[in-house]
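Each reported figure results from applying straightforward, stated rules to the coordinates on display, with no laboratory input. What you see is a predicted model; the values in this text were computed from it and never measured. Heads up, the Cβs are rebuilt from the backbone with ideal geometry, glycines too, and the neighbour counts pull from every protein chain shown.
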Amino acid sequence: MSAPSSLRIAVIGGDGTGPEVAAEGVKVLKAVAALEGIVYELVDYDLGGDRYLRTGEILPPSVLEELRACDAIYLGAVGHPEVPPGVLERGLLLELRFQLDQYINLRPVQLYPGVETPLRDKGPADIDFVVVRENTEDLYAGAGGFLKKGTPDEVAVQTAIYTRKGCERCIRWAFEYTRRRNNPKRRLTLVAKTNVLTFGHDLWWRTFQEVAREYPDVQPDYQHVDACCMWMVKNPEYFDVIVTTNMFGDIITDLGGIIQGGLGVAAGANLNPDPGGTSMFEPMGGSAPKYKGQRAINPIAAINAMAMLLEHTGHPRAAARVVRAVKHVTGTKMRSQAAGKMGYMTDEVGDLVVQALEEGRD
Ligand code: IPM
Ligand code: MN
């Protein structure tokens, strides 16, 4: 996307520790915007569990329309201990992804300097790949129902929906992205389960083969999802870009999150790449209610989500500066990426990134 003259960014702090980590991303935005001459405007939205408990509202239609009109959405976290599971996840997070047709969920897996991974003999050069997760279909479509609910004969059906249009636009975007990323491997791995899901994943497989013919410079590759989990741990350096379905993408990106040092560093983008589309950027970790207000949670993931926001709103140079500043901080300052073990409080980590930016450590 080319840069609009002024960026209008909606900020949804959300639940638990979401507002605390989002505040650190906003702090870094302020610093890098001053350095890069980026003009922006922030609009705060009170959405999430507290508002739901207070008013019964999750995502009023008028708010959705305001969000649609923004250049990007910056999200902290969704999930509240007093709200039954699924209400906010489906009503707010998935509703935004679906209503704004953010059909790509982009999740880089990259080990930063100084960050500990359970794969101790692997370094930053070995763990650096990106997962492109389809973000609007599959088991997430919410298709299904109960029969004889609450009786001993109860039946529950949850249907995975895959469409040609839905998988093709995601696969095509992933080929384009692999080409653009321009890693020497130039390899796009389709991750699915064609040996069992012989209808839905057959559609993905055939579509992948067809689209691959248009990208002779990208090596098309395939792994079953279970084998992929094994290879992500055994040989993470094999991967360049992975494209996968919504449900499998959810699962393998938590695995990716831990091999890159934990959810304290893992960020994601929910992209609607179409002209005029509104995309949303979020740390991958949840709302961590037990840490709320303790200044313990790692804001690096939220700061990385801000870097992805800058990248996708036409400010790649500012994004790269933020990432370099983050690497300086993980590589030289922080003891650990785990909540409460960082050697710094949440806001102090944000300050360190700002300081690194301002000192030109990027
Ligand atoms: C994620 C989360 C969500 C998902 C939940 C909160 C609905 O786990 O962003 O990966 O399953 O997509
Ligand atoms: Mn998930």
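General observations
- Taking a ≥ b ≥ c as the square roots of the eigenvalues of the Cα gyration tensor, segment 42-178 is classed as prolate, since a/c reaches at least 1.5 and a/b is larger than b/c.
- Segment 275-312-segment 100-133 distance, computed between alpha-carbon centres (Å): 15 Å
- Gyration tensor verdict on segment 117-260 (Cα atoms; rounded if a/c is under 1.5, prolate if a/b is larger than b/c, oblate otherwise): oblate
- Segment 246-296 shape via C-alpha gyration tensor axes, a/c threshold 1.5: oblate
- DSSP beta bridges fully contained in segment 117-260 are about 30 percent antiparallel.
- For the listed residue pairs K185/K341; K122/K290; K30/K290; K149/K290; K122/K185, the alpha carbons are over 24 angstrom apart in K185/K341; K122/K290; K30/K290; K149/K290.
- Longest DSSP-loop-exposure-free segment, GluC sites (Glu not before Pro), the chain, at most 14 other Cβ within 10 Å: 215-358
- Max mean-square fluctuation residue, GNM over the chain, Cα-Cα springs under 10 Å, options S336, S279, S62: S62
- DSSP-assigned coil residues among trypsin sites (Lys or Arg not before Pro) in segment 273-362, each with at most 14 further Cβ atoms within 10 Å: R335, K341
- For the chain, the convex hull spanned by the alpha carbon atoms encloses 148 Å³ per residue.
- FRET efficiency for V43 and Q355, using Cβ-Cβ distance with R0 set to 41 Å, rounded to 0.05: 0.90
- Net charge of the neighbourhood of L147, taken over other residues with C-beta under 15 Å away and scored Lys/Arg +1, Asp/Glu -1, is 0.
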